[in-house]
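Inspection log for the structure reproduced underneath, given as structure tokens.
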Amino acid sequence: MFIRERAQRGPRFRRLAAFGLAAAVAGCDSGSNAPSPTVPPPSPAPPPAPDPMEARCTEEGRILEYGFFAHFEPVSYSASPDSGAEAFDEHLGYEADLLNALEAMEGAGLAFDRRGIDVWPGIWLLPSTPEYDVVGGGITILEERTLDASGTPAISFTSGHVEFGHSLLVRATDAGTLAEYSDLTGDHRVGVSAETTNEARFLQIVGLIDEDGVVLAGTRITTPGGIEVADGSDAYRIAASGSSPNLADRMHLEPPSPELPQVVFFGTDTVQTAQPEALAHGQVDALAGDKIANSTLEAMWAGVLVVTAVDTLVDLGGFTLDQGDEALLACLDDKVNYLTDDRSIGFAEWLANPTVFLERAEAWTP
């Protein structure tokens, strides 16, 4: 993971003038009538550095423009999935409650004007534009996502505040035969949300891309412009930070080997709707997704869909800010790390007690 870890500040030190050696040197020439050298007074100690937990994060009256992904229930979602509805900008879920707690911290000076966003690819780069100060919505922290299209650093991530894992969601009747990723073959069709960490991780696990996202040579990818056949070069790349332009809006992937599964690509706004329907009705045999989202669907489709093949890799999710907003980034990190007790309080604890962050905010005093 590419996570910014901030070391704890150590104790403050005071400079002390050392007089012993000077006195000893002056006393060695006892026969001299020269006056003893004057010893300068000790320098005053520097003022203590302000504790970031005591400082405001913003100047008086500033409201941070916050954009959130609207379709990642229960981590971050809108009260209405319709982007034209007034309730679309009503923020719900785990990250919404974390932001509520940040606003409730006395003296932190944090206030967010929240707006829903229904377009996922590149959402993490929006704070580098004048429209947004902070963006969230279940964004996995990746170094490659900090770069813009030209490869220039554009945004920074806060400390991770939520853990993401990867898994399969399958029909309950197939749980025994599709218990692991290795059980998937060319007879199976697996649905994924394009341009996500879940897509990239799944394709890497089953061997359809390498660690750099380069698609396996001979793979056929159906796009609106026709069928692209990967040649093993980086002209055919699928990654969580963005994919090759020729693979945009991809719909289907057919591997060169019958031992590897076929892949059906979905939009990121269909996780709660079209994807479980497609799985339940046999259009796909599994969904490769985040464990939190898949577990939510398992509960919603109790007895019909179940989670299997939980990946051992754990990713961290955070908020993004413009790379130049270092003071705000440091202050948010301190406050978020307090609310999550340095990540010992996360999604599971929030799910058991949705007021856990607000309770910590009310217990904190500047």
In this structure, does GLU131 turn out to be under 12 Å from the mean Cα position of the chain (by Cα) and surrounded by fewer than 18 Cβ atoms within 10 Å (Cβ to Cβ)? no
Would you please name the residue that is surrounded by the most Cβ atoms within 10 Å (Cβ to Cβ), looking only at residues in the range 214-245 that are in a strand (DSSP E or B) and in contact (Cβ under 8 Å) with a residue 12 or more places away in the chain? VAL215
Of the conditions (1) under 20 Å from the mean Cα position of the chain (by Cα); (2) open to solvent by 40 Å² or more (accessible area, probe 1.4 Å); (3) not hydroxyl-bearing (Ser, Thr, Tyr), GLY138 clears all except one; give me its number. (2)
Enumeration of residues in the range 309-366 that are small (Gly, Ala, Ser) and closer than 17 Å to VAL134 by Cβ: GLY317, GLY318, GLY324, ALA327, ALA330
Inside the range 174-184, can you point out the residues that are open to solvent by 10 Å² or more (accessible area, probe 1.4 Å) and either in a loop (DSSP other than H, G, I, E, B) or within 17 Å of GLU95 (Cα to Cα) (or both)? ALA175, GLY176, THR177, ALA179, GLU180
Selection within the range 102-125 - within 14 Å of the chain's Cα centre (by Cα) and of a type in the set (A, V, I, L, M): ILE123, LEU125
ARG145 in contact with a Gly (Cβ under 9 Å, 6 or more places away or on another chain), touching a residue at least 24 places away in the same chain (Cβ under 8 Å), closer than 14 Å to GLY122 by Cα and of a type in the set (D, E, K, R): yes
List the pairs whose first member sits in the range 354-366 and is at negative phi, whose second member is modelled with pLDDT under 95, and whose Cβ atoms are under 6 Å apart, counting only residues at least 6 apart or on separate chains? PRO366/GLU54; PRO366/GLU106; PRO366/GLY107
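The values are calculated or read from the model by the stated rules, or taken from the named source; none is laboratory data. Please read all numbers here as calculations on a predicted model, not as lab measurements. Quick reminder, even Gly has a Cβ in these numbers, built from the backbone with ideal geometry, and neighbours come from all protein chains shown. Surface areas here come from the heavy atoms of the whole protein model, side chains and all, with no ligands, DNA or RNA. Shrake-Rupley method; radii C 1.70, N 1.55, O 1.52, S 1.80 Å.
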